[in-house]
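> Would you mind keeping the following structure in view while I ask a few things?
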Amino acid sequence: MSDYDSSLPPALSANSSTDMSKLFGCFMFLFGFLFSSIFFVVGSAMFYLMGLSPWMSVLSAQSWQETPCVILAPEAGGPKLRYSYDINGREFIGTEYSFDKMNGGLPAENDLRREFPVGANTVCYVDPGDLSNAVLHRGFVAGMLWGLFPIPFLLVGLIGYIVLFFAVRNRKSIGSGLSPSLANLSSRGETGGPDRPSMRASSVTAVQTVSNSDFDDEDLIDESGPVTLTVESSPLGKFIGTLIFAVIWNSIVGVFVFLIGSEWMNGKGEWFPTLFMIPFVLIGLGVIGAAVYFFLATFNPTPVMTMSRRLIPLAGTADLNWEFAGNTRSIRNLRIVLKGVEEARYTRGTDTYTDTETFYEEDVFNATDPTEIEVGSAELTIPGDTMHSFSASNNKIKWSLEVQGDIPLWPDVHAVFPIRVVPHE
Amino acid sequence: MSQLQIETDYSAYYPGGELRASVSWQLAEIPDSAELRLVWNTSGKGDRDLKVVHVVPLPDPQAKDERNVELTLPWGPYSFSGKLISLIWALELVLQPGNVSARREITIGPEAREVILINKAETI
């Protein structure tokens, strides 16, 4: 026993989370929940009132009965549109033009008077379930498109809930580094699983152990035969993600642009809010540009990569094969790069950042010959004096094959295929 | 005053190797429970990750006690240090109540050494 020290530091696994950090976590969760709930509840209510309700009324009104009616003169201070209709000798007064809840879908004042002059005979549609409920126009009007406006708010709330869900699940799994089941097991001293012969305690009878390393023998068994590698994110996924963000961002910014624009149209425009909005508008335009870029990239040829083994040990080799789905003639140069990257995620205040650092980078393939680009193979060798793949909640060692295809005047082919490098054989 | 000690036969080990440890403690009162944990944790730029890989309960602990433990280490992850992340293995002795504890760091890696991540392309 060479190492002896009577002044050892305390265990991290016993005190990894302070009361203050727990309190801060609870506060952030409550804040996030409240923020998401406001967007979700307000967005849902607005979507129902402005969108779903009018649209459903349009559908239901298709069976309402067509009834003759007469346009009446508007009363001072009352609705702009009034009409009367008679059902079974009883007179009813209607004031609704359509199901558009925003402004009733009414035409402009002059058009209204031209289309519905006082005393004109026309038809209205009456709800058989409520004879006092009638409209002149039972179809769709352009104003009902405002029903789409609350969707971005609803999505912000939903995304907030999803982020909270994963944040809580993540926190539970890492917690103090000791899963609840493991904590209970160890504190009770009960057996929770098979008694592994690899763990023994002398001077101790009936040793109970839990193995949870992710690097036990059973974790390192490789499947036989080649495997097709899965791309980290496809151009279509990037396009959809960017498009959703662009819709949310530009919808919210668009409201303010509309309000500011209306002020200028009425001759009441102010410079400060106008200038203040410029960076937000530029970001919105940038995101739209990115969405267009990723959309064009969806038409690129797609690399399909297969490897002779799923797990490659350090200092080990594997055969790599590739082919492209789609026309590769536009690719001027193809590079396949083996990369090892450190990835560290950290929080500063309320923001989360992720830093990466490449510790290994080597060309596996680099060619300009179209016949070599379309289909090919190479031997992949992992260096022995480096680190295998490692994945924890905040810190990772990632190995990947990066495919880079240069296409002039068009978005390049760029695909990342994660691979798993394991400890030495 | 509490005294906790963890002794190991070596300070660095091969992955999958055998580790022998001797743990001892002296407390004012008899603890409710005692256990030795094999853990790894990260340090560096990222928020800390910590994982308890093995737990060896030490039954019927006395106020003054000593136990010997042998265990087979896992094949990974290796102890390593890069520009952003370091991974450190340790044995941790934890006594209850009060989370009375001690920690001894060890190295697990090929050739019983920590892996140092250097981008050779940058150093040339």
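The values are calculated or read from the model by the stated rules, or taken from the named source; none is laboratory data. Here the structure is a predicted model, which is why all the values come from computation and not from measurement. A quick note on method: Cβ atoms are made from the backbone with ideal geometry, for glycine too, and the neighbour counts reach across all protein chains shown. Areas reflect the complete protein model, heavy atoms only, side chains present, ligands, DNA and RNA absent. Shrake-Rupley method; radii C 1.70, N 1.55, O 1.52, S 1.80 Å.
> Once both labels are modelled 7 Å past Cα along the beta-carbon direction, what's the residue A:75-residue A:223 spacing in nm?
The answer from the label model is 7.6 nm.
> Please report the accessible area of residue A:417 (heavy atoms, 1.4 Å probe, ligands and nucleic acids excluded) in Å², nearest 10.
Accessible area, nearest 10 Å²: 10 Å².
> Let me ask you something else. Suppose the chain between residue A:56 and residue A:348 were pulled fully straight at 0.36 nm per residue; how much longer would it get relative to their current alpha carbon spacing?
Using 0.36 nm per residue and subtracting the Cα-Cα distance, I get 100.4 nm.
> Can I ask one more? What FRET efficiency, computed as 1/(1 + (r/R0)^6) with R0 = 25 Å and r the Cβ-Cβ distance, is obtained for residue A:285 and residue A:258, rounded to the nearest 0.05?
E(calc), rounded to 0.05, equals 0.95.
> On a full-extension model of 0.36 nm per residue, what is the gain between residue A:406 and residue A:323, subtracting their alpha-carbon distance, rounded to one decimal in nm?
Fully extending the segment from residue A:406 to residue A:323 adds 28.3 nm.
> Can I ask one more? What do you reckon, how do B:113, A:82 stack up by accessible area (1.4 Å probe), largest on top?
B:113, A:82
> In segment A:401-425, which residues have a backbone nitrogen under 12 Å from the label point lying 7 Å from residue A:214's Cα in the Cα-to-Cβ direction?
Label zone hits: A:421.
> May I pose another question? Run the numbers for residue A:142 and residue A:357: contour at 0.36 nm per residue of separation, minus the present Cα-Cα distance, in nm.
Going from the current span to full extension adds 72.2 nm.
> Among A:156, A:133, A:294, which residue has its Cα positioned farthest towards the positive end of the charge dipole of the protein assembly as shown, with +1 placed on the Cβ of Lys and Arg, -1 on the Cβ of Asp and Glu, and the dipole taken about the Cα centre?
Farthest towards the positive end: A:133.
> If you don't mind, another one. State, to one decimal in nm, how far the label point of residue A:44 lies from the label point of residue A:292, with both points 7 Å from Cα in the Cβ direction.
3.8 nm
> Please work out how much accessible surface residue A:137 shows to a 1.4 Å probe, ignoring ligands, DNA and RNA, in Å² rounded to 10.
Spelled out: residue A:137, probe radius 1.4 Å, area about 60 Å².
> Dipole magnitude of segment B:3-123 about its Cα centre, charges +1 at Lys/Arg Cβ and -1 at Asp/Glu Cβ only, in debye to the nearest 20?
Roughly 480 debye, rounded to the nearest 20.
> Given a 1.4 angstrom probe, I'd like the percentage of the accessible area of segment B:1-99 that is carbon and sulfur, rounded to a whole number.
47 percent
> Here is a further query. Tell me the accessible surface of residue B:13 in square angstrom (1.4 angstrom probe, heavy atoms of protein chains only), to the nearest ten.
Surface accessible to solvent at residue B:13 totals approximately 10 Å².
> Which value, in square angstrom to the nearest 100, describes the accessible area buried between chains B and A on both sides, using a 1.4 angstrom probe?
Chain pair B/A: roughly 5700 Å² of buried accessible area.
> I'd like the distance separating the alpha-carbon centroids of segment A:319-342 and segment A:356-425, in whole Å.
About 9 Å separates the Cα centre of segment A:319-342 from the one of segment A:356-425.
> How large is the accessible surface per residue of the protein assembly as shown, computed with a 1.4 Å probe and reported in Å² as a whole number?
Each residue of the protein assembly as shown exposes 53 Å² on average to a 1.4 Å probe.
> Over all residues in B:105-115, what is the mean tally of Cβ atoms on other chains that come within 10 Å of each residue's Cβ?
For peptide B:105-115, the averaged partner shielding equals 2.
> What is the spin-label model distance, in nm, from residue A:86 to residue A:374 if the labels are put 7 Å beyond Cα along the C-beta direction?
Modelled inter-label distance: 8.2 nm.
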